[in-house]
Amino acid sequence: GVTRLLLTRIPFFKEIIVSSFSCDSCSWSNTEIQSAGRIQEQGVRYTLAIASRQDMNREVVKTDCASARIPELDFEIPAFSQKGVLTTIEGIIDRAVAGLEQDQPARRATDKEMARKIDEFIGKLRQLKEVNSPFTFILDDPSGNSFVENPRAPQRDEALVVTHYRRSPQQSAMLGLEVDAKPPDAAEDLRDEVLQFNTNCPECNAPASTNMKLVQIPHFKEVIIMATNCDSCGHRTNEVKSGGAIEPRGTRITLRITDPSDMTRDILKSETCSVEIPELEFELGMGALGGKFTTLEGLLKDIRDLVEKNPFTLGDSSTPSRTGKLQEFIGKLQDVKGKTQAHFIMDDPAGNSYLQNVYAPEEDPELRVQRYERSFEQNEELGLNDMKTEGYETQPSHPP
């Protein structure tokens, strides 16, 4: 047969390699994908509660290092056991069934009991496709390059939970990343220095440099700003990280947009901050867009780019009805920039986000900042429930 390779760039997934194989003798064909871009800074886990046949048609990008699980059947497709694929939830189940059936004739001849158990399990997998009862599909990718479609984008999908997490040393080693086992050096005062380190451009993968600087935001706290500028393709990006600890309470900031000058307010959106515009029925979950230090207009532009450049929303994979709704949403988002009054809400359980008060140190009549106690679920997502900062020293088993 013949295998064809195509290096292409998808805005949401950066660069990928599509391989297609076809055989003229038996007409068998197969397609696979491999990520040609960089591994993301964090891993990603998608948890989908499947309750209808429509959920089985959700598009899925599963890389070769991603694992898929269905807890109700205690079933798992381990990482690196399949090649990367662009398919649907039903397609992943069909691939699993085909893989289990492949060696069944040999098993029936050598181990009938094992073959019978596998036949029963295959029957259970096929029953899942009918969705007679709800079940859970979990896609876990340490590289962060997998994806499960949200058909209601840009609105929140109640059935889909997206969790970004820091890779463990074992996962980093599995991906071929170097794990630095050396203890960190003593902390230095770097507030007056601009640090620079080498990296690759996220768009063209050419060598580039990233500048990093500690910055004190007035009436707020210290943050770390990282800016990357590529001389090859001109791509520029910046990202912000909190320079302090997680606050004792979460922060909910509400701004009533009444004037075009509100678009120039400075915004610090941390990675744990979610954004909501009730008038547009729009909500952006935590982790999306990463940390940003920009203006309100710049953040709205990033939200628009996130919708327009996603191939599953306005690309070849989208449906006409969904495209019309998203185009209407983009038009309303454009009207917010000074034409339509709206409320802009930032909710950060970690308390590390900021929206400029142009009347500081006086109160801003259009800006409301609320402090609230985090729920158990929010502490769990921030990793605080298992964090122990006192009394963690190992106690002797017997008193001296």
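Can you tell me the length gained on complete extension of the stretch residue 108 to residue 305, counting 0.36 nm per residue apart and subtracting the Cα distance?
Values: separation 197, 0.36 × 197 = 70.92 nm, distance 5.47 nm.
Fully extending the segment from residue 108 to residue 305 adds 65.4 nm.
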Check the chain for me: any Cys whose beta-carbon has no other cysteine beta-carbon within less than 4.7 Å? 23, 26, 65, 273
Total charge of the residues flanking residue 348 in space, meaning their Cβ is under 9 Å from its Cβ, with Lys and Arg +1 and Asp and Glu -1, is 0
Area of residue 3 that stays accessible when all protein chains are in place (1.4 Å probe, Å², to 10): 90
So what is the relative contact order for segment 250-382, in percent, with contacts set as C-alpha pairs under 8 Å and at least six apart? 46
Per 5 angstrom bin, beginning at 0 and ending with the bin that holds the maximum distance, the Cα pairs of segment 38-175 fall in percents of 2, 9, 19, 20, 18, 14, 10, 6, 2, 1, 0
Options [x] 1.18; [y] 1.54; [z] 1.14 for Cα Rg over 2.2 N^0.38 Å; the value derived from the coordinates is listed as [z]
Considering only C-alpha atoms, what is the centroid distance from segment 15-71 to segment 102-170, in Å? 12
So, how do all the Cα-to-Cα distances of segment 1-99 break down into 5 Å bins, in percent, from 0 on up? 3, 10, 19, 23, 20, 14, 8, 3, 0
Taking a crude spin-label model, label points 7 Å out from Cα along the C-beta direction, the residue 98 to residue 327 distance in nm is 3.6
Any idea of residue 215's accessible area? Nearest 10 Å², probe 1.4 Å. 50
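Per 0.36 nm of contour for each residue apart, how much would the distance between residue 163 and residue 340 grow if the chain were fully extended, relative to their Cα-Cα spacing?
Contour length minus Cα-Cα distance gives 60.4 nm.
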Per residue, how much accessible area does the chain have with a 1.4 Å probe, in Å²? 58
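The values are calculated or read from the model by the stated rules, or taken from the named source; none is laboratory data. What you see is a predicted model; the values in this text were computed from it and never measured. Note: ideal-geometry Cβ built from the backbone for every residue, glycine included; neighbour counts use all protein chains shown. Just so you know, the surface numbers come from the protein's heavy atoms only, side chains and all, with ligands and any DNA or RNA stripped out. Shrake-Rupley method; radii C 1.70, N 1.55, O 1.52, S 1.80 Å.
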